[in-house]
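One structure is given here, and the rest of the page talks about it.
No value in this document is a laboratory result; all are computed from the given coordinates. What you see is a predicted model, and the numbers here were worked out from it, not measured in a lab. Ideal geometry is used to build each Cβ from the backbone, glycine not excepted, and the neighbour counts take in all protein chains shown.
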Amino acid sequence: MRKFFPVEELARDGRFNQITMKDRMADPRTVLGKDGVRPSSNRLVPSRPDASTAARVLMHGIFVGEIQALEGAGRTCHDFRTAGDQARRAQDAAAGDDSGADAVPFALKLDMARQAWDEARHVEISVKLSDWMGGEIGEIAENTVLQAACSTDPVLRLAGVNRALEGLAIDVFTTMKEFGDLAGDPFLEFCEDWMLADEVTHVKMGSDWLRKVTENDPERRKKALEFQGIVDKLFSYGGTRSDSEESPIGLARRFRELAGFTDSEVEDIAEVSLAALNERKDAVARLQAEAASQFAGR
Amino acid sequence: MTITVTPQTFSYVSFDADLIGRVAQSLVGALGLEDHPVSIEVDETTPLARSSVALSDDMGVVDNISIRVESGAFEDTRRPRQQSENATATTLGRVLLRARDRLLGGFGEAPPDDELSLAQMAAWETYCVGRLVRLGIEVNQQRWRYNFRNRHGFSDAADAAFDRIWAGDGLTWGELDEISRAASAT
Amino acid sequence: MADPYKPRAPFAPWDRRELPGSFDVEDSARRVGNYKWAEMKLFEALGGWVATVPELDVKMRLGTHCYKHAWHADLWHKRLPELREMNPDRLTQPANDAMVRFVEAMTEPEAPDQTIEKLVGVYRVFIPRFIAAYTFHKNNTSQITDAPTIRSINFILQDEFDDWRDGEMILQSLIETPDDVERAARHQARLEAIMVEAGGIAGPGSIGMTSTGASANGPQNGSAA
């Protein structure tokens with residue numbers, strides 16, 4: 001089996017249709033404010049007229065996100081050898097890879113295996129909740145975000161998956177938990193709270209390992225945190241997650257603190273999320289102008 | 001039977017105005033609304049999925065059925081910006097049934113659409129979709145049950161009310177509203 | 001009330017544990033090192049395969065089983081220093097070269113249409129060998145001196161049986177045609193041949209018998225008490 005599996009080859013059954021972030025962002029349509037006609041708040045709350053649909057769509061997003069998180073954690077168990085694994089080292093050398101740069105502590109891999117189990121449970125929970133909400137597996141196109149989990153540097157992978165992707169999961173689960181609580185849904189709040197507890201652990205695991213592995217390598221830590229910033233912006237999905245009321249998903253500051261984010265790190269994420277929202281608005285205006293000019297030229 | 005679709009050519013999404021027209025024609029026939037001109041306007045600038053219907057007077061006679069739909073309502077969610085025939089039929093069927101209810105009587109005292117409470121709208125939607133299933137349109141019942149529960153509470157009483165409305169035919173607005181109120185009160 | 005100062009036998013009549021065992025400290029440590037290496041290879045493979053299998057139920061099971069084998073590896077990792085091996089990496093080794101080749105062959109299938117091969121390697125060859133080696137160790141080591149190993153084996157065996165059943169049932173649900181049967185059997189035979197060469201998880205003598213039928217580390221009867 002290869003190391004460093006490409007994101008394009010994530011295996012899915014026939015129900016799924018995968019699209020890239022690029023495809024998604026090429027859509028000129030927008031839910032964002034236009035001449036004050038659209039609601040200024042898009043936050044996912046039960047009082048939204050389309051709340052049931054929006055919650056079901058978000059649940060499908062959680063479901064596929066959990067599949068990708070499961071795959072990411074599993075691949076980290078496989079892709080990096082432990083420092084003392086001589087047999088694997090010999091195998092890697094025979095395959096032309098003798099750098100040793102990808103060796104990771106045994107305990108880190110154990111944490112990733114634990115995370116794989118947690119994510120597998122989250123997939124199970126999401127399937128059941130989706131069913132409860134009237135969702136169907138594969139009904140929404142799957143946005144593949146696993147590029148962050150395909151880095152060949154384990155530290156970048158921790159920053160991308162455990163801190164950025166799992167950090168997003170904290171924000172999403174908090175929004176969903178509050179939705180379930182307000183709607184009086186007996187299962188949604190209960191399940192989201194359990195998953196949230198796991199995600200806080202995963203982010204903390206990532207934060208702890210990132211500090212530990214880069215303890216004597218400030219340059220590598222800096223690179224990892226910069227990478228996380230890029231992924232955080234990507235995972236803001238053009239403003240789907242930000243402090244702004246225009247974003248359906250808010251930033252879960254309290255749970256992020258529990259997970260080991262410092263105040264300034266949370267502020268940084270708030271800033272990049274808002275920047276993503278504003279960039280998305282500009283991009284949509286540009287795409288709509290292009291579409292209109294194409295239409296006029298027909 | 002006059003059905004008009006606007007726009008005729010789409011630039012933000014890959015929708016087919018002819019397909020929209022054909023689906024509408026089939027539904028109008030099945031619902032006995034042939035005497036009413038139907039206009040369908042699609043807002044392709046938004047991926048949201050809201051839909052609305054208005055009946056307009058012509059010389060004092062309620063005649064035209066005007067439907068306004070956001071592009072997400074006709075979209076195949078598996079393939080963004082592509083059209084789903086089933087979603088098109090479900091959306092048009094829901095609004096046409098609401099129009100039919102108002103036109104054929106029994107719903108005279110129903111508030112205008114924009115004044116309906118979320119619970120009233122959920123009840124009426126349930127009533128419409130239940131009838132669409134019996135017309136042969138494939139829908140996910142659990143999806144509508146979840147919507148009904150969100151608006152009436154997660155209780156056995158709400159589920160019983162949903163089942164009654166879903167299976168119902170020939171309900172008046174007064175009956176529908178009463179079932180909805182009773183479920184919410186429980 | 002019974003007299004708390006009355007002398008009692010240190011071993012109750014129902015406690016039939018024996019002192020003698022087949023393995024000395026070095027033997028036990030070597031085996032435990034082999035177990036840890038093999039469990040590591042198994043959890044790495046299961047984790048890596050998650051992304052390669054399209055079947056959703058299989059994907060979830062592999063993720064779950066991945067952790068269980070990681071936990072087994074951790075139990076053995078923690079046992080090694082207690083067996084006088086202060087550098088656990090030194091004994092975290094495959095039993096022999098054939099075992100390395102076995103793992104290479106087992107992890108060879110990667111394509112999305114090779115789920116049967118992936119599962120056959122794990123659930124029809126590798127895990128049954130774990131069950132065999134652990135059972136032999138548990139039944140032949142000193143029930144008193146090596147009690148911590150036995151305790152770990154008991155936890156681990158429960159997982160192995162559960163996972164084997166899970167994997168075998170998934171396989172039975174995937175194998176639908178005579179061609180599938182042939183595929184599964186062919187792959188199993190290929191892997192089994194390498195495993196026979198390896199002699200089991202801990203090499204020849206993993207279950208006491210060597211390929212010549214002689215007993216390796218056979219039980220030492222008699223009482224040292």
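Observations
- In the protein assembly as shown, a dipole from Cβ-located charges (positive for Lys and Arg, negative for Asp and Glu) runs towards its positive end, and of C:54, A:78, B:30 it is A:78 whose Cα lies farthest in that direction.
- Residue mean of other protein chain beta carbons inside 10 Å, B:131-142: 1
- Placed amide H near residue A:19: partners under 5 Å, 5+ positions off or other chain: A:142, A:143, A:144
- Among beta bridges from DSSP that stay inside the protein assembly as shown, the antiparallel ones total about 40%.
- Taking every Cα-Cα distance in the stretch A:58-118 and sorting them into 5 Å bins from zero, the calculated P(r) comes out as 5, 18, 23, 17, 15, 10, 6, 4, 2, 0 percent.
- Two-decimal Rg/Rh across chain A, once Rg and the Kirkwood Rh are taken from alpha-carbon atoms: 0.99
- With contacts taken as Cα pairs under 8 Å and at least 6 residues apart, the stretch C:25-198 reaches a relative contact order of 27 percent.
- Computing FRET efficiency as 1/(1 + (r/R0)^6) for residue A:47 and residue A:3, where r is the C-beta to C-beta distance and R0 is 35 Å, gives about 0.10.
- In the stretch B:3-104, the DSSP beta bridges split such that about 45 percent are antiparallel, to the nearest 5.
- Maximal additional length on extending the residue B:114-residue B:134 stretch stands at 4.5 nm, based on 0.36 nm per residue less the C-alpha distance.
- GNM remark for chain B: springs join alpha carbons under 10 Å apart, and the peak mean-square fluctuation among B:66, B:26, B:84 falls on B:26.
- Peptide-level mean, for B:11-18, of C-beta atoms on other protein chains within 10 Å: 3
- Using 0.36 nm per residue and subtracting the Cα-Cα separation, the extra length available between residue B:160 and residue B:18 on full extension is 47.1 nm.
- Computed E for residue A:225/residue B:86 - FRET, C-beta separation, R0 56 angstrom, nearest 0.05: 0.75
- Virtual spin-label span in nm between residue A:19 and residue C:135, 7 Å along Cα→Cβ: 5.4 nm
- Here residue A:182 and residue B:56 are evaluated by their C-beta separation; at R0 = 45 Å the FRET efficiency comes out at 0.75.
- Per residue convex hull volume, Cα atoms of the protein assembly as shown, in Å³: 229 Å³
- Helices in the protein assembly as shown, meaning DSSP H runs of at least 4 residues, each add -39500 (n - 2.57). Divided by all residues, the mean residue ellipticity at 222 nm is -18500 deg cm²/dmol.
- Shielding by partners, peptide A:69-82 (average Cβ within 10 angstrom, other chains): 6
- Global form of the stretch C:25-198, assessed from the alpha-carbon gyration tensor, a/c cut-off 1.5: prolate
- Between residue C:147 and residue C:108, the modelled label-to-label distance comes to 4.7 nm, taking each label 7 Å out from Cα in the direction of the beta carbon.
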